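Contents: one structure, followed by commentary.
The values are calculated or read from the model by the stated rules, or taken from the named source; none is laboratory data. Source: prediction; values computed, not measured. Here the Cβ is made from the backbone with ideal geometry for all residues, glycine too, and neighbour counts use every protein chain on show.
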């Protein structure tokens, strides 16, 4: 059976998002996840929702219990994960409100545990293609049908945070051909691959980071304002997407088979 985990925050606390919704307090060998799990159905499909930064956005990026979050979704039987995330644009053609279905990441985090296998075993997981190609294709097809403004691929650079970038850093990331910037994709995507779960991201652009001189540098207030304005589009995209997810055979699930030493 297909069971979809949804990781996100703003807008996903809508009580009408799931049918027959109920809360579950989870615990894992890696501690408690960021929030209780909301379990229910979306268009007849089993769904589990988790708030990455806590119910009241009280957990800063470095302190997100990424291992516990992914482990909890795996324990619930999730076969696929759709992660929503705010991001800043590093390109003029990626405008506030646009969705980006990223296909690559650059890891600029420094303080996070990025594997489940940090004792007794070593896991050299393949991340050449870090996001599920089948989920990304579905996202792009669905967004096109809905006439949403989107980009079917892009490279996200994930920084440690919680501070925003300097202009020098923003220009450096642009020189690396990164397209958007956030604080949450790594190690979430890596852990999902270790857990043999298909993982894709709906990155919603909220600002131009700080590289674009004609625009105001990013602030938290700016991010929240854009996220709230576009929360309905995120929910509509999820409602349309989730019933289409049906693939069970995928390379995302095979990588772990040859990764453990």
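Structure notes:
- Pairs are defined by a Cβ separation below 6 Å, a sequence spacing of at least 6 or placement on different chains, a first member in the range 28-49 that is on the phi > 0 side of the Ramachandran plot and assigned to a loop (DSSP other than H, G, I, E, B), and a second member that is modelled with pLDDT of 95 or more and surrounded by fewer than 18 Cβ atoms within 10 Å (Cβ to Cβ); the pairs so defined are 43/243.
- Taking the criterion of being surrounded by 14 or more Cβ atoms within 10 Å (Cβ to Cβ) and part of a loop (DSSP other than H, G, I, E, B), the residues of the range 127-145 that qualify are 127, 129, 130, 131, 132.
- Leading residue by the ranking (modelled with the highest pLDDT) among those in the range 212-247 that are in contact with a strand residue (DSSP E or B) (Cβ under 9 Å, 6 or more places away or on another chain) and part of a loop (DSSP other than H, G, I, E, B): 245
- Against the conditions (1) touching a strand residue (DSSP E or B) at 6+ places or on another chain (Cβ under 8 Å); (2) buried (at least 16 other Cβ atoms within 10 Å of the Cβ), residue 41 satisfies every one except (2).
- Residue 186 crowded, with 21+ Cβ neighbours inside 10 Å, assigned to a strand (DSSP E or B) and in contact (Cβ under 8 Å) with a residue 24 or more places away in the chain: no
- Total residues in the range 11-27, condition farther than 24 Å from residue 244 by Cβ and crowded, with 18+ Cβ neighbours inside 10 Å: 1
- Selection within the range 94-113 - in contact with a strand residue (DSSP E or B) (Cβ under 8 Å, 6 or more places away or on another chain) and assigned to a loop (DSSP other than H, G, I, E, B): 94, 95, 96, 97, 98, 101, 102, 103, 109
- Index of the failed condition, residue 67 passing every other in (1) outside any loop (DSSP other than H, G, I, E, B); (2) under 18 Å from the mean Cα position of the chain (by Cα); (3) free of Cβ contacts under 8 Å to residues at least 24 places away in the same chain: (3)
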